[in-house]
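Have a look at the structure below, then the notes.
The values are calculated or read from the model by the stated rules, or taken from the named source; none is laboratory data. What you see is a predicted model, and the numbers here were worked out from it, not measured in a lab. Here Cβ is always computed from backbone atoms with ideal geometry, including for glycine, and neighbour counts include all displayed protein chains.
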Amino acid sequence: MNVIDIAFWIFAAIAVISGWRVFCTDSMVRASFLLLLSFIAVGLIMVLLNAPYLGIATVFMMAVEMMVMALFMVMFMMNPAGLNPMMMVHQHRFSIAAGVFVFATLTGLICVTRFTSNPVDPGLDSVASLGKELLGNSMLIFETAGVTLLATMVASVILSSRSGRFGTADTGAVPPPLEPGGEPAGRQPEQHSGHAHHHH
Amino acid sequence: MYAALAGSGVAIVPFSSASVLADLEVGIVWWGAVEALTVVVVFLHGWSANAQFGLIGAYRYVAIGLPVMLISMFMLIAAALPAESLALPQIVESQRGLWNVIRQPLGLPLFLLLGLSLSFRGPFNYADSADIAGGTAAEVSGAPRLVWEFARLAMLTAVAAMAASVFLGGYLGPWLPGPAWLVLKTATLLLVLVCLTEQLARISPSRMMTLIWTTLLPLSFLHLVWAGVLAL
Amino acid sequence: MTLPAILIVAAALIGIGLYGTLSQQSFVMLMMGLELMLNGVMLAAVGFWSLTAGGLPTGQLLAIIVMAVMAVEMAVGFALITAVYRSRQADVTESLTTLKH
Amino acid sequence: MALTGLVIIFITFFAGALIVQKLPTRADHHQLAESQKVPFLGGSSPNTHAWQRYHIRYYSMTLLFIAFEMEMMFMYPWAVVYVTEGVKALAEMGMFLAILTVGILYGWREGIFRWQ
Amino acid sequence: MAVTILGRLAARAPVPVFVAMGRDGAPAIEHLLKSGDIDFTATPRHANILLVAGRTRESDQPYLDRLHDQMPHPRATFWWGDAHSDDIDEARRSASADDPVAPLRALYRKLIGGSYASETHRLSDEPPAPWRGRGDHGQGGEGMMGGVPYGRMMPMPPTPDIRDGLALDVYRTQVGPFMPYWPAGLILEVTFQGDVIQSAEVVQPPYPPRDIDREPFDRLLHEQTPLAQIERTRATHHLACIARVLSLVELPTLSRRAQIVAARIRANETVAIGPLRKAAARAGLMAAIKPGLGRIDDDLACELGGPVRRAAGHVLDSRNDDPTYTRLGFTPVTQKQSDCQARVAQWFDEAEQALALASAAPHILIAQGQLAEPPWALRAPPLDYRVTELLPGLEWSEALLVLNSFDSAALCRMAPLETP
């Protein structure tokens, strides 16, 4: 049980516990930053598996994502600081069963299969090999990733910003009328905005 | 926490060719992670006080902190091109012949601007400015405030040390031993940063955000292309 | 640091992520569950890459692509939430019932 | 291991900062009076929580930022192998940057870099 | 033992003071600025001494108590200005004439040394929303309906936002009378969504302009006064407004320099404003203020009069029909658009012009007559236009710029008490 193993188990414990705590804390902001803690732990495990670039990149990427997650959470959730207890859970038992079932099957599979073991030689410069790979024979993946990122950018901008070329976003889509210029066809969605119950 | 981040920022700076506190193979990526976590920490500092002014300061800082992180990454990548590695000791070694600040002129000024915005001083003071009555530090007094101010200064020194090693060839220098050079360069950069604090006025966050995305980012693209062509 | 240990941790993360996704009502918490699952997948990928695949470059590429999936999924997810909120002021899955009946 | 040096320094700074913060309060055990905890609003007292849904004005900028962030992830390995790969890498990264700049120009035209 | 060494060190440090600007507290501030070892803090939390400069209204007493309680121990209040009950002992009061620096330093040294007891809190100690135990659905927790650290009501139901249609929670609060760079005494009921102001109403009008600015103009009503003195007061008033705008755009050294120049002008020294203006321009003061921010239409500018009217481009100035001025070749200076930038530029131009006039005619006397421009003649009627109609849709820092771009007299007329 040399130092690396101990470190691994510590990080693994942090990751799992903070992951579990994420779903049972009231306050939203605390949940997102607990998730950040668990991601940092996973990132550090990756560094232990001598993939330093991936590990630190995970920490870097997740810090940004959790920051944005916290921003959005505070923007949309009812009481972001969890001042009143939040029991926002439905189909509770079913989800617990699903989670445990998946975990059990996976561990069963893991224990059954025998893995060939040829560990990576620590001297490998992982970043250089990744670079050669990106520019080398998997350049196609690299460019398609670029195009998908562009598609995400455009999609997220259209969906989230109010100003659009064809009128603002909250004018709502109206079904076309049966005869031109008439009353919009189809069932009118009930006007009451589907705002959930008020916490009073 | 902010102090711890600043400390780890300094840690990856190589003091001399042999000794470096943390010979991380991917130094620059860790500096990016430090910047991202700083944004998170400053946001929490503003959020924790449950007061309106602290909140305004925290959100304005995140609005400016996120795009600034991008620009600093472009600068560091441009510096890593000739060095062929992300590790800081190699970057410093690559500057043995010619310092990066001469080869890539645009790098140092932009990186210093980022340093100011990272520790929210001068024209980038969106987190603790006086017009929101002290911003995130509005509700803090006594020892916690002392630590907060110390952490801001520590982060400024971390930025100065980082800039010195990436752009001015950290410990390279003819006569003096390695670390002496590094301390000298970091001190000069700190002096430049502190003088820079009082020069420019602060524009409103929304105009600053537009300024960053529409002018500083294309500048960093140009800088990167210039470094790429040069490094061929 | 054996591979089964890493995979068990990854399985645990995936299990918790699934529980979170299914049980939480609010969109944002649902997305956090997804993020956690993807994180478990990435951990498993790196585990395989370093202990069985012997440093095959495509293994790392898979991890980077999983990270890209995380980012894309999160960006588009939040954009959808903003659009839904702008029209319906609803941030809880319960209140979206137009498809039901 | 590279990591150990980093983690040790992180923990020492963190612990140092915490100790300095907790040191003085141990000495003068002043119990914070209730009226001292009021947030500062220029003298007047707040009547609701500040912890509520805060309408950030740059939400679409953050979404675009996450997509742009992924570019950084791809650029790090590119930077390392750039010199050995030569002009081919420059052309490829040029294309990658061009694609993502189109995204930013689109965002700029949609005006998401202003306070929404 | 360590604490005493630190204590001695702290005693020598500059005195952290939070200033609650009263009716005419400005002279005290100029004294403190010149002395240099007084450190003005942005919040009471960073200060040990609350300096109440000038006379405050009776209605401000609860706000002062709240400010006093927000200060960390060891704390004390220092009343500067004479309209206060004499039960406060000598160490913490000083007449408006003499210089407050020495007593402040002595008080601070006593406070740090511990020989002076820190004042206890004035407001009641129990939380306003007392904890009524755990509710039936498990609400409650520490501070019922309020949580840590301060029990307060839950937010109001969301209302659609004026700028981007997302209906999120609205944060309605009063923004208080005593804040750095806030018109002294003004209290606004502001509703925020995020950091953009949705709507604002005046709860309490600001204090009228400072007496020392109005004194020469009042004296002119009934006797001859030297022209130089009138122009010098005009210059100091404009410089004080400029100093506030400078510190709002994060140029504290320039703003301190402007205030020191104003103090020296009041002490009749000849000082040039040119270098100050060039330094402000170089630092990008004009670029920092968004063009078109706080633009007001012409007829309102005409009613407000004074520099605001000239900033809107009207060549009306009561001085140009006065014989002595026309002999000195006086032509009113104007700007074109009437927004924040124009008003600041107008202040600079007028201050320079006033100093030029003052130096050109040091001992000419002006005949007795009605010369008081609207900003200095207070008795002008309040307008029905509210300054708070300018604020909705503005981000907080821009709103502060707009508020500070009007001189205090114009603000008083535009923000009278709301008649409920």
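Return the total of residues in the stretch B:25-54 being within 7 Å of another protein chain (Cβ to nearest Cβ), within 14 Å of the chain's Cα centre (by Cα) and not small (Gly, Ala, Ser).
Result for the stretch B:25-54: 4.
So, in the stretch E:396-415, how many residues would count as being of a type in the set (D, E, K, R) and within 9 Å of chain B (Cβ to nearest Cβ)?
Selection size over the stretch E:396-415: 1.
Restricting attention to the stretch A:122-142, report how many residues are within 7 Å of chain D (Cβ to nearest Cβ) and charged (D, E, K, R). Write out each step before concluding.
Of the residues in the stretch A:122-142, the ones within 7 Å of chain D (Cβ to nearest Cβ) are A:127-128, A:130-132, A:134-135, A:139, A:142.
From what is left, the residues that are charged (D, E, K, R) are A:132.
Total satisfying the criteria: 1.
What's the total number of residues in the stretch D:85-102 that are within 8 Å of chain A (Cβ to nearest Cβ) and over 22 Å from A:Phe60 (Cα atoms)?
7
Which ones in the stretch E:244-274 are in a helix (DSSP H, G or I) and closer than 15 Å to E:Ala288 by Cβ?
Of everything in the stretch E:244-274, those that are in a helix (DSSP H, G or I) and closer than 15 Å to E:Ala288 by Cβ turn out to be E:Arg244, E:Val245, E:Leu246, E:Ser247, E:Leu248, E:Pro252, E:Leu254, E:Ser255.
I'm trying to understand the selection: among the residues of the stretch B:195-222, which are farther than 30 Å from E:Val196 by Cα and without any contact (Cβ under 8 Å) to a residue 12 or more places away in the chain?
Selection gives B:Cys195 alone.
Here's the yes/no breakdown for (1) of a type in the set (A, V, I, L, M, F, W, C); (2) at pLDDT below 60; (3) touching a strand residue (DSSP E or B) at 6+ places or on another chain (Cβ under 7 Å):
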site: B:Ala6; (1), (2), (3): yes, no, no
site: B:Gly9; (1), (2), (3): no, yes, no
site: B:Ile12; (1), (2), (3): yes, yes, no
site: B:Val29; (1), (2), (3): yes, no, no
site: B:Ala33; (1), (2), (3): yes, no, no
site: B:Leu37; (1), (2), (3): yes, no, no
site: B:Val42; (1), (2), (3): yes, no, no
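Here is a list: C:Val46, C:Val66. Which entry is more than 7 Å from chain A (Cβ to nearest Cβ) and out of contact with any Phe, Trp or Tyr (no Cβ under 7 Å at 6 or more places or on another chain)? Steps first, answer last, please.
Values: C:Val46 fails: more than 7 Å from chain A (Cβ to nearest Cβ).
When all the criteria are applied, what remains is C:Val66.
Determine which member of the set B:Ser129, B:Ser119 is under 24 Å from B:Gly27 (Cβ atoms), buried (at least 20 other Cβ atoms within 10 Å of the Cβ) and either out of contact with any strand residue (DSSP E or B) (no Cβ under 6 Å at 6 or more places or on another chain) or modelled with pLDDT under 75 (or both).
Result: B:Ser119 is the single residue among B:Ser129, B:Ser119 that is under 24 Å from B:Gly27 (Cβ atoms), buried (at least 20 other Cβ atoms within 10 Å of the Cβ) and either out of contact with any strand residue (DSSP E or B) (no Cβ under 6 Å at 6 or more places or on another chain) or modelled with pLDDT under 75 (or both).
Going through B:Leu224, B:Leu200 one at a time, which residue ends up being crowded, with 18+ Cβ neighbours inside 10 Å, aliphatic (A, V, I, L, M) and part of a helix (DSSP H, G or I)? Before you say what the answer is, go through the steps one by one.
On the way: B:Leu200 fails: part of a helix (DSSP H, G or I).
Just a single option satisfies the conditions, and that option is B:Leu224.
Which one of these is at pLDDT below 80, in a loop (DSSP other than H, G, I, E, B) and touching a Pro at 6+ places or on another chain (Cβ under 6 Å): A:Pro175, A:Pro189, A:Pro122, A:Pro180?
Within the list A:Pro175, A:Pro189, A:Pro122, A:Pro180, the selection yields A:Pro175.
Looking at B:Leu81, B:Leu114, which one is at pLDDT below 85, part of a helix (DSSP H, G or I) and more than 7 Å from chain D (Cβ to nearest Cβ)?
Details: B:Leu81 fails: more than 7 Å from chain D (Cβ to nearest Cβ).
Result: B:Leu114 is the single residue among B:Leu81, B:Leu114 that is at pLDDT below 85, part of a helix (DSSP H, G or I) and more than 7 Å from chain D (Cβ to nearest Cβ).
When you look at A:Val64, is it touching a helix residue (DSSP H, G or I) at 6+ places or on another chain (Cβ under 9 Å), within 9 Å of chain B (Cβ to nearest Cβ) and part of a helix (DSSP H, G or I), yes or no?
Spelling it out, A:Val64 is indeed touching a helix residue (DSSP H, G or I) at 6+ places or on another chain (Cβ under 9 Å), within 9 Å of chain B (Cβ to nearest Cβ) and part of a helix (DSSP H, G or I).
Being more than 7 Å from chain A (Cβ to nearest Cβ) and surrounded by fewer than 20 Cβ atoms within 10 Å (Cβ to Cβ) narrows it down to one residue among C:Thr52, C:Thr2; which is it?
Working: C:Thr52 fails: more than 7 Å from chain A (Cβ to nearest Cβ).
Criteria check complete, one pass: C:Thr2.
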